[in-house]
Amino acid sequence: MLDLLNKYSFSEILIFLVVFAIALRSIVNFWDWGVERLKKIFQREGRKKEEKEVMERKLDENSDNFKTLFEIQQKQNNKIEEVIDKINLLIVSDKDDIKSFITREHHYFCYQKGWIDDYSLDCIERRFQHYTEEGGNSYILDLMTEIRNLPKRPPKKEE
């Protein structure tokens, strides 16, 4: 140590001590920075893990919601199919009713009266139009042709 004092002056030793202190401070700062950096990395990894868990929970919840929505959609589709079936049944029933009506009117006007008035013909024509819109067959078309070919007369006033 005496050699050190003999070899270097007080100001040089002081400069060495200051440089050493600055170097030591830089090493401590570097150490603190490294520790903070590692903490941030591990925190980020922890947050990523938490976010992944949250996303997985949300995905599970959404999956359950989609299953519920799918079940509701299936129920609605079944109800719609039921309604369609009932509408189809109503259309078939309506066609049968119209067919019966036109057949009865045909027999009345063609076989009993031998003529038809304009109002009755118009009513029968409208019912026939509904029948064809509902997909009726040609059997009634032949009856309608016979009804249309009847002579037209106004109804007689009954006194």
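The values are calculated or read from the model by the stated rules, or taken from the named source; none is laboratory data. Just so it is clear, the structure is predicted and the values come from calculations on it, not from any experiment. So basically every Cβ, Gly included, is an ideal-geometry build from the backbone, and we count neighbours across all protein chains shown. Calculation scope for accessible area: heavy atoms of the full protein, side chains included, ligands and nucleic acids excluded. Shrake-Rupley method; radii C 1.70, N 1.55, O 1.52, S 1.80 Å.
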Residues that are open to solvent by 60 Å² or more (accessible area, probe 1.4 Å) and aromatic (Phe, Trp, Tyr), drawn from the range 96-132: Tyr108, Tyr111, Tyr119
Conditions (1) without any contact (Cβ under 8 Å) to a residue 40 or more places away in the chain; (2) assigned to a helix (DSSP H, G or I); number of the one not met by Pro155: (2)
Failed item, numbered, when Leu17 is tested on (1) open to solvent by 80 Å² or more (accessible area, probe 1.4 Å); (2) at pLDDT below 85: (2)
Every residue from the range 133-149 that is touching a helix residue (DSSP H, G or I) at 6+ places or on another chain (Cβ under 9 Å), in a helix (DSSP H, G or I) and open to solvent by 70 Å² or more (accessible area, probe 1.4 Å): Tyr139, Leu141, Glu146, Arg148
In the range 20-45, the residues that are open to solvent by less than 90 Å² (accessible area, probe 1.4 Å) and either of a type in the set (Lys, Arg) or modelled with pLDDT under 85 (or both): Ile41
Residue check, Glu81 open to solvent by 100 Å² or more (accessible area, probe 1.4 Å) and out of contact with any helix residue (DSSP H, G or I) (no Cβ under 6 Å at 6 or more places or on another chain): yes
Members of the range 110-159 that are under 51 Å from the mean Cα position of the chain (by Cα) and among the hydroxyl-bearing types (Ser, Thr, Tyr): Tyr119, Ser120, Tyr131, Thr132, Ser138, Tyr139, Thr145
Which numbered condition Pro155 misses (of (1) out of contact with any Asp or Glu (no Cβ under 6 Å at 6 or more places or on another chain); (2) surrounded by 11 or more Cβ atoms within 10 Å (Cβ to Cβ)): (1)
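Determine whether Met55 is more than 30 Å from Thr132 (Cβ to Cβ), modelled with pLDDT under 90 and under 51 Å from the mean Cα position of the chain (by Cα). Lay out the reasoning, then the answer.
Details: more than 30 Å from Thr132 (Cβ to Cβ): yes; modelled with pLDDT under 90: yes; under 51 Å from the mean Cα position of the chain (by Cα): yes.
Against the criterion (more than 30 Å from Thr132 (Cβ to Cβ), modelled with pLDDT under 90 and under 51 Å from the mean Cα position of the chain (by Cα)), Met55 qualifies.
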Yes/no for Ile91 being touching a residue at least 12 places away in the same chain (Cβ under 8 Å) and either small (Gly, Ala, Ser) or over 25 Å from Glu146 (Cβ atoms) (or both): yes
